[in-house]
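Worksheet for the structure shown next.
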Amino acid sequence: MNIQLVESLANAIKALSPEERELLNQKLTHQSNWQNLRSTILANAQAIQQRRSDLPFELDIDEIIYQMREERD
């Protein structure tokens, strides 16, 4: 084990601001969190459905394209 390297890394981490430490923590724990992300997406979808009184999304793609073209003009 490289004790000197570990000590210098510890000192560098101690010198970081709270924002930098949070970013470092995110980078170190940024493993495949797809399961957490999936549960967040499902929870958001459920909240949206409840706000919409369980009405399904009925999107008319032709109408959406027409509206987008109108907005550009």
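Readers should treat all values here as calculations from the given coordinates under stated rules, not as data from a laboratory. Remember, predicted model here, so these are calculated numbers, not experimental data. Note that each Cβ is placed from the backbone with ideal geometry, even for glycine, and that neighbours are counted across all protein chains shown.
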Longest principal axis of the chain (C-alpha) makes with the long axis of helix 18-28 (C-alpha) an angle, in degrees to the nearest 10, of 80
Give me the angle, in degrees from 0 to 90, between the Cα long axis of helix 61-72 and the longest principal axis of the Cα atoms of the chain, rounded to the nearest 10. 80
On Cα atoms only, tilt of 3-14 relative to the major axis of the chain in degrees: 50
At 0.36 nm per residue, and after removing the present C-alpha to C-alpha distance, how many nm does the segment from Arg51 to Lys14 gain when stretched out fully? 8.8 nm
Length gain on complete extension for the stretch Gln67 to Ile41, per 0.36 nm per residue less the alpha carbon to alpha carbon distance? 6.6 nm
Which one of Asn44, Gln67, Leu9 is farthest out on the positive end of the charge dipole of the chain, using unit charges on Cβ (Lys, Arg +1; Asp, Glu -1) and the Cα centre as origin? Leu9
When only DSSP loop residues count, what chymotrypsin sites (Phe, Trp or Tyr not before Pro) in the chain have their Cβ near at most 11 other Cβ atoms within 10 Å? Phe57
Taking Rh as the Kirkwood radius, which is the inverse of the mean 1/r over Cα pairs, what is the Rg/Rh value for the chain? 1.34
